[in-house]
Amino acid sequence: MEKLTYEFQGGTFSRPKNEAKLVGVVGSGNLEVLIEPADLQGRCVVEVLTAARGFGAIWQAVIADFFARYPLADARVSINDVGATPAVVSLRLDQAAEDFLGDAQ
Amino acid sequence: MDVKTLLDRLFPQNHDVRFDGVYLSGEGETSRGPCAVIGSIDAAPIGVELAFQMAGEVLRIVREHPGRAIVLLVDTQGQRLSRRDELLGINGYMAHLAKCLQLARNQGHKIIGLVYSQAVSGGFLASSLLADRCYALPDAEVRVMNLPAMSRITKIALERLEALSQTSPVFAPGVENYVRMGAIHGLWEGDLAARLVEALDAADSADLRRQWGQQRGGRLLAQDVSKRVRHYA
Amino acid sequence: MSSYYEASARERLQNLLDPGSFQEFLPPSARAQSPHLLQLETPAAFDDGVIVGTATLGGAKVLAAAQEGGFMGGAVGEVHGAKIVGLLERALDERPAAVLLLVESGGVRLHEANAGLIAVSEIMRAVLALRSAGVPVFVLDGGQFGCFGGMGIVARLCDAVIISEEGRLGLSGPEVIETTCGVEEFDSRDRALVWRTVGGKHRYLLGEAKEIVADDIAAFRAAALALLDAKPDLSLDALAAEHEALGRRIERFGSAADATDIWRAMGLENPEKIPVLEADDFRAATAGRRL
């Protein structure tokens, strides 16, 4: 397993009162994404625990793209991955973000 | 220990136990009065017939001997693996046995389990693990699966499992692991008749195994997690 | 139609219970994960593969647990099991109309086999204690992984099982039997044989499942609603009757080679056609014949 952590500054989607949301399942070729509000001085922190080692560069790119689409602030994104493809990762991240942001403030 | 020696040592005053193939039932005398005895020998696989026989005996005891303590002496290599048993609904037969034991418990019968030889997986689940308190002889074998088979299925290197099993009681075979985790209350040595009486005196119908597992340091989460769910606001 | 088989455990809960009513206990953000999996470098889920909480069903308060088959086949580990036990004990305190168990499990999780086995026995004890206290427990079985191992025993301890044709219920899974006893004992790749042996229709015909429904979450919901008034009965009379029925089953069918032989002996016409009937036709064709 490998643990990867990414941090982003300058996000504008801050939802401190929203409920945490989880999508996906920790199964082969799949992943779960948990997004929760967290007091991180405006940052968005993404923590990935993946069964597949050595894909850090791809994760970096996929998550940076995600942050460009959903510039979250004061949010913690936690991922448990079992070798999902970048397309699946992006899909789950977007689903989780939509679910998380969809809540009334 | 063979079952005849075991019965002599558990019930030195008197016992009358009948054998029918791998199944046994009868009674033994203790200083707390007569106990019903139900069990199996020869590492019997528990299939529909054996589960059914044991359940029938529990019902007979409830009917004919209200309040009499029940001692489970089950030697099992596990559930019987066969398509035929699955076709007949073996899980339902085991559940039936569990329900009968619960009926006995509800009606004030104490239930003591003693693993005297082997207890494996589904066979353990359907018998001694349902007792108020389960004990074992020190040389008894208790397991779900041996480590080589576990390694094949989980695709985790055997060496790694073996190394971790030196410190973790969580997955490796061994009666001591089950003691540490609270599922086996203790190991019986010396005067088995005295151990049985102590167990009968101490037996409690509440399931306290998570607490014991936590106190003994072998199962640190079960008690805490179940309590957090129970009281989650 | 919203497939129960295809849905995740969370989706099942959302669509089965009254809309918006489900509140989770110890949700993923609590990170009640398995340390044992992580110790073995195996990915762990934030909810350890089971979701527990409270909701209403048709306005009645229920507690519910749903196992996620997609995570380790729904296998029971220490945390997973303890969440279910805690829910069942909470029901002792709160006396809901029922506890619903949306089972999907291969049984004990081997990575923490001892903890899982003990946990299943604790679930068994807790179900029995709860039923003894008068709270019914209902099982819904229609997921991709079926319900096997210790959870197969748990299911049969409960007040009723609602199953779909796609649902499977047993003790040792076909793969386990094949691996141990050989392909001539049980060919786990013969899907028709697997479904005839452990599938929903046979379980329903044997009387092990009280209801059989189409693979539709709404159908499971309707069946669960209809059961809500049931009261547990663990009396000597009830268990003596069950004992007699189980004894008759061994006598009548103990030497049957295949489910179709059992169905024929039950007086069903064209037993070989049973597997292809849709749920409604199947119920009509077997009405008054099942055990």
### Message
Restricting to the stretch A:1-58, name every residue that is of a type in the set (Val, Ile, Thr) and outside any loop (DSSP other than H, G, I, E, B).
### Response
A:Thr5, A:Val23, A:Val33, A:Ile35, A:Val45, A:Val46, A:Val48, A:Thr50, A:Ile58
#### Entry: Test: residue in the stretch C:216-233 that is within 11 Å of chain B (Cβ to nearest Cβ) and over 26 Å from C:Tyr4 (Cα atoms)
yes
### Flag if B:Leu59 is within 14 Å of chain C (Cβ to nearest Cβ), in a helix (DSSP H, G or I) and crowded, with 24+ Cβ neighbours inside 10 Å
no
## Note on the structure
The one condition C:Asp215 fails out of (1) in a helix (DSSP H, G or I); (2) farther than 22 Å from C:Leu291 by Cβ; (3) touching a strand residue (DSSP E or B) at 6+ places or on another chain (Cβ under 7 Å) is (1)
### Query
Which condition number in (1) touching a Pro at 6+ places or on another chain (Cβ under 9 Å); (2) at negative phi is the one that A:Leu91 fails?
(1)
### Task
Kindly provide the set of residues from the stretch B:22-34 that are among the polar types (S, T, N, Q) and either under 30 Å from B:Arg83 (Cα atoms) or buried (at least 19 other Cβ atoms within 10 Å of the Cβ) (or both), ordered by number.
B:Ser25, B:Thr30
### Query
How many of the residues making up the stretch C:211-256 are farther than 23 Å from B:Gln107 by Cβ and either in contact with a helix residue (DSSP H, G or I) (Cβ under 9 Å, 6 or more places away or on another chain) or of a type in the set (Asp, Glu) (or both)?
21
### Summary
Within the stretch C:53-71, the count of residues that are surrounded by 24 or more Cβ atoms within 10 Å (Cβ to Cβ), free of Cβ contacts under 8 Å to residues at least 60 places away in the same chain and within 17 Å of A:Leu34 (Cβ to Cβ) comes to 1
### Message
Every residue in the stretch A:49-105 that is of a type in the set (S, T, N, Q) and farther than 22 Å from A:Ala20 by Cα, please.
### Response
A:Gln60, A:Thr85
### Message
Out of the residues in the stretch B:1-21 meeting the condition of being part of a strand (DSSP E or B) and charged (D, E, K, R), tell me which one is surrounded by the fewest Cβ atoms within 10 Å (Cβ to Cβ).
### Response
B:Asp20
### Which listed residue is assigned to a helix (DSSP H, G or I) and in contact (Cβ under 8 Å) with a residue 12 or more places away in the chain, from C:Arg248, C:Arg264, C:Arg252, C:Arg289
C:Arg252
#### Entry: Yes/no for B:Thr76 being farther than 18 Å from C:Gly254 by Cβ, in contact with a helix residue (DSSP H, G or I) (Cβ under 9 Å, 6 or more places away or on another chain), crowded, with 24+ Cβ neighbours inside 10 Å and touching a residue at least 12 places away in the same chain (Cβ under 8 Å)
yes
### Query
Any chance the stretch A:88-98 includes a residue that's farther than 24 Å from A:Ala52 by Cα, within 12 Å of chain C (Cβ to nearest Cβ) and either within 11 Å of the chain's Cα centre (by Cα) or surrounded by 22 or more Cβ atoms within 10 Å (Cβ to Cβ) (or both)?
no
### Summary
C:His36 vs (1) facing another protein chain (nearest Cβ under 8 Å); (2) surrounded by fewer than 19 Cβ atoms within 10 Å (Cβ to Cβ): all pass except (2)
### Message
I'd like to know if the stretch B:71-90 contains one or more residues that are within 30 Å of B:Asp191 (Cβ to Cβ) and within 9 Å of chain C (Cβ to nearest Cβ).
### Response
no
### the stretch B:15-63, residues that are within 18 Å of B:Leu200 (Cα to Cα) and hydrophobic (A, V, I, L, M, F, W, C)
B:Cys35, B:Ala36, B:Val37, B:Ile38, B:Val58, B:Ile61, B:Val62
#### Entry: Filter pass, C:Gly74 being more than 11 Å from chain B (Cβ to nearest Cβ), closer than 16 Å to C:Ser34 by Cα and in contact (Cβ under 8 Å) with a residue 60 or more places away in the chain
yes
### Task
Working only within the stretch B:17-43, note down all residues that are within 17 Å of B:Tyr116 (Cα to Cα) and either within 16 Å of the chain's Cα centre (by Cα) or of a type in the set (S, T, N, Q) (or both).
B:Tyr23, B:Leu24, B:Ser25, B:Ala36, B:Val37, B:Ile38, B:Gly39, B:Ser40, B:Ile41, B:Asp42, B:Ala43
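Okay, residues lined up against (1) among the polar types (S, T, N, Q); (2) modelled with pLDDT under 95; (3) in contact with a Lys or Arg (Cβ under 7 Å, 6 or more places away or on another chain); (4) surrounded by 16 or more Cβ atoms within 10 Å (Cβ to Cβ):
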residue	(1), (2), (3), (4)
B:Glu162	no, no, no, no
B:Val175	no, no, no, yes
B:Asp191	no, no, no, no
B:Asp207	no, no, yes, yes
B:Trp212	no, no, no, yes
B:Leu221	no, no, no, yes
B:Val229	no, no, yes, yes
### Members of the stretch B:50-73 found to be of a type in the set (D, E, K, R) and either touching a residue at least 12 places away in the same chain (Cβ under 8 Å) or within 25 Å of B:Met1 (Cβ to Cβ) (or both), listed by number
B:Glu57, B:Arg68
### Message
Condition first: buried (at least 16 other Cβ atoms within 10 Å of the Cβ), in contact (Cβ under 8 Å) with a residue 12 or more places away in the chain, in contact with a Phe, Trp or Tyr (Cβ under 6 Å, 6 or more places away or on another chain) and not polar (S, T, N, Q). Can you find one or more residues in the stretch B:35-49 that meet it?
### Response
yes
### Query
If we scan the stretch B:145-158, do we find a residue that is within 22 Å of the chain's Cα centre (by Cα), more than 10 Å from chain C (Cβ to nearest Cβ) and surrounded by 24 or more Cβ atoms within 10 Å (Cβ to Cβ)?
no
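The values are calculated or read from the model by the stated rules, or taken from the named source; none is laboratory data. What you are looking at is a predicted structure, and each value in this text was computed from that prediction instead of being measured. Note that we place each Cβ from the backbone using ideal geometry, even for glycine, and neighbour counts take in every protein chain shown.
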